[in-house]
Amino acid sequence: MHKYFCGVAVTASLFVVFLAVAAASPEAVGSGVDVELAFDTTGSMAGSLQRARQDAQSILAGVRAVVPSARFAVVSFRDHGNPGGEYQTIQPMTADTAAIEGALEQLRAVSNPSPGNLDVESYNLAFHRSYADSSLGWNPGARKIVLVVGDAEPYGGGAAGIAGCTDTHVDPDGLNVKTELAGMQRAGRTLVMIRAVSKETTTSLNCYSSLVGLTYPGGTAQDGNASNLVTPLLDLVRAAVAPISIVPTLPVALPGRVTTVNVTLSNPSDVPLRMNRLALILPHGFSALRARPSATVERAGVTWTRARDIRPHGVLRLQVTARASAAHGLGSLSATGTFQIASGIPFTSAARTPIRVTAAVSVRAAASTRAGSIAGAATVVAPRRTSSFARVTGAVHNGRFTMTGPHRRRVVVRPWAFTLSLARGNATARLGVLVVSTEGLSGCKPGTRGTLIATDRTFATFAGTASALIRLPRACSVGRTRWLVRGGSVKPS
C-alpha cells in the first residue's frame, strides 16, 4: 500500500472518550484504570483522525464534568524503515489532561515512499512494547487496556494461522505475532482494536477480532471510519471495562424446541463492579420460559433489575431457558447492561451473538493433497422428536463423497445413516456410507459398508480446524484415509 505524506494533529477527543467510560470517579478508581492509546500513524490514517479533530471541542464540552483520574499513555507506530520513525512513546502514563492533549497534538501521519513498502505495519512491535517497555509506567494493580487504532495487519498473521489475517512476511524486527499476543495475555493487557475503514484499508475486521481474542479477556474489535471514530471508541472501552458474554448451550436450536442461553458478566478490574440492570433480548419468534437468578420474564426477553456486585476479577453467571422459533432462520441474542464502578457514574455495556434455528446440518468434505483428495457433501435432518442437537441419529436421504488416490484409484460412497453430536462448539458427524462405484479397485464391490467421520472444532463459526476420516475395508482404500479440510465442514444449513 502506498502511504501518502500528511501531517495530522490528533486532538483530545479520543482521550476524553476514554475518561468518560474507563472510570467513574477520582476517589473510586484513581489509578485503577490505565489506558494506552496506540495509533497507526502511517499516511492512510489521516482521514479518520481528521474527523476526530473536528469533533474535539463538542466532545470536550460534554464530558469534562465527569473526567476521572484514570491514566493514559500515547504511542505512535508506523512501519519498519518509515522516515517518521517506527515507534515512539510520546507520553507515558499520566492523569494530566494537558499533557495528554499535548501528546495527541504531536501525532503525525507519515508515509513510507520505499518501493519495497508492504501492506503491513509494526503492530507486533506495538504489542511487544505494551508489556515489555517499563517506561510506559503501567500501575501494577491497574486495569490495563491497550487500544489500537489502525487499518493494516501485523507482520506474519496469516503465516501464524490467525483467522482473518493473511500476511505471511517475516517481521523485520524479529517478532512473532502469536508470541507477542501471548505476552500481552500473561501481563494482563486487554487489547481493544478499531479498524479505520477507508479505501486504504488492507485488513479485515475478522483479523482484528482474532488478534483481540489471543490477549487478556475483555477486549473487542469494531469498525470506525472517517465520519465516526468516536462512537466505536466509546462502545469498545465500555465493553472492555464490563464485558458481557452470551453463549447458547448449543449454537443452533431445533425449531420449536427448548434451548438454554448462558450470560456471563465479568469484572477484569481490581475494583468492584456493580451491575444495576441487565436485559437479554431474544430473537423474533423465541419465547422466554424462565431465568436464573430470578428476573422479570417476558415473551421477548428477560430483565434483571436487582443490583448485584461483581468482585474484582470475578464473574456473575445468569441463565435463560427459552423456546426457539418454530421457523428456520438466523437471529441474534443481545444483552445490554447498566454498570458502575463503586459509586461512580453509570455506563452501559452491550453484547450480541448469533443463533440459528434449523433442523438440518450440512456435512462437507473438500481437501486435496499430492496423495489424494476427498470431495462431497450431505445434509442430515434431525428427527421430529429430537429435543436437542447435542446428540442426534437418523437416516441420510441425499449426498455423495468421492475419494481419489494415486494410480487412478477412485471410490464413490453414499451416506445412509448418521450420528451427529455437538459439545462446547465441537461438532462430530459420523456417517454410515455405502460404496456406489469404484475405479482402479477390482476387489471393492458396490454395497460395501464403511464410515465417514467429519469433525469441526468451531461449529457454526466457519473458521475452525476441521478434518474428515474415511474408514473402508482394505480392498476399497485409495491410499489415504484422513484429510484436513477447511473450517465449516459441519455447519447448520
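The values are calculated or read from the model by the stated rules, or taken from the named source; none is laboratory data. These numbers were taken from a predicted model, which means no experiment stands behind them. Neighbour counts are summed over all protein chains in view; Cβ atoms, including those assigned to glycine, are modelled from backbone coordinates with ideal geometry.
Couple of notes before you dig in:
- Search result, residues across the stretch 386-404 that are surrounded by fewer than 18 Cβ atoms within 10 Å (Cβ to Cβ) and not hydroxyl-bearing (Ser, Thr, Tyr): ALA390, ARG391, GLY394, ALA395, HIS397, ASN398, ARG400
- Checked against (1) more than 27 Å from ASP309 (Cβ to Cβ); (2) over 21 Å from the mean Cα position of the chain (by Cα), VAL252 passes all but condition (2).
- A single entry from PRO446, PRO415, PRO473, PRO492 fulfils the requirement of being closer than 25 Å to VAL261 by Cα and either without any contact (Cβ under 8 Å) to a residue 60 or more places away in the chain or surrounded by 15 or more Cβ atoms within 10 Å (Cβ to Cβ) (or both): PRO492.
- Filter pass, ALA429 being surrounded by 17 or more Cβ atoms within 10 Å (Cβ to Cβ), hydrophobic (A, V, I, L, M, F, W, C) and under 30 Å from ASN262 (Cβ atoms): yes
- All positions within the stretch 353-372 that are of a type in the set (Lys, Arg) and within 19 Å of ARG480 (Cβ to Cβ): ARG364, ARG370
- Where PRO415 falls short, out of the listed (1) within 30 Å of SER332 (Cβ to Cβ); (2) modelled with pLDDT of 95 or more: (1)
- For the stretch 106-125, the set of residues classified as touching a Gly at 6+ places or on another chain (Cβ under 9 Å) and either surrounded by fewer than 19 Cβ atoms within 10 Å (Cβ to Cβ) or not aromatic (Phe, Trp, Tyr) (or both) consists of ARG108, ALA109, VAL110, SER111, ASN112, SER114, GLY116, ASN117, VAL120, GLU121, ASN124, listed by residue number.
- Flag if PRO283 is outside any strand (DSSP E or B) and modelled with pLDDT of 90 or more: yes
The rows are residues; the columns are (1) crowded, with 21+ Cβ neighbours inside 10 Å; (2) modelled with pLDDT of 90 or more; (3) assigned to a loop (DSSP other than H, G, I, E, B).
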site	(1), (2), (3)
LEU104	yes, no, no
GLY141	no, no, yes
LYS144	yes, no, no
LEU147	yes, no, no
GLY157	yes, yes, yes
ALA163	no, no, yes
THR168	no, yes, yes
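- Boolean, ALA466 is among the aliphatic types (A, V, I, L, M) and surrounded by 15 or more Cβ atoms within 10 Å (Cβ to Cβ): yes
- Strands (runs of 3 or more DSSP E) enclosed by the stretch 312-385 - at least 1 residues per element that are surrounded by 14 or more Cβ atoms within 10 Å (Cβ to Cβ) and among the aromatic types (Phe, Trp, Tyr): 329-341, 347-357
- Residue list for the stretch 175-208, filter: in a helix (DSSP H, G or I), closer than 13 Å to ALA152 by Cα and in contact with a strand residue (DSSP E or B) (Cβ under 8 Å, 6 or more places away or on another chain): LEU205, CYS207, TYR208
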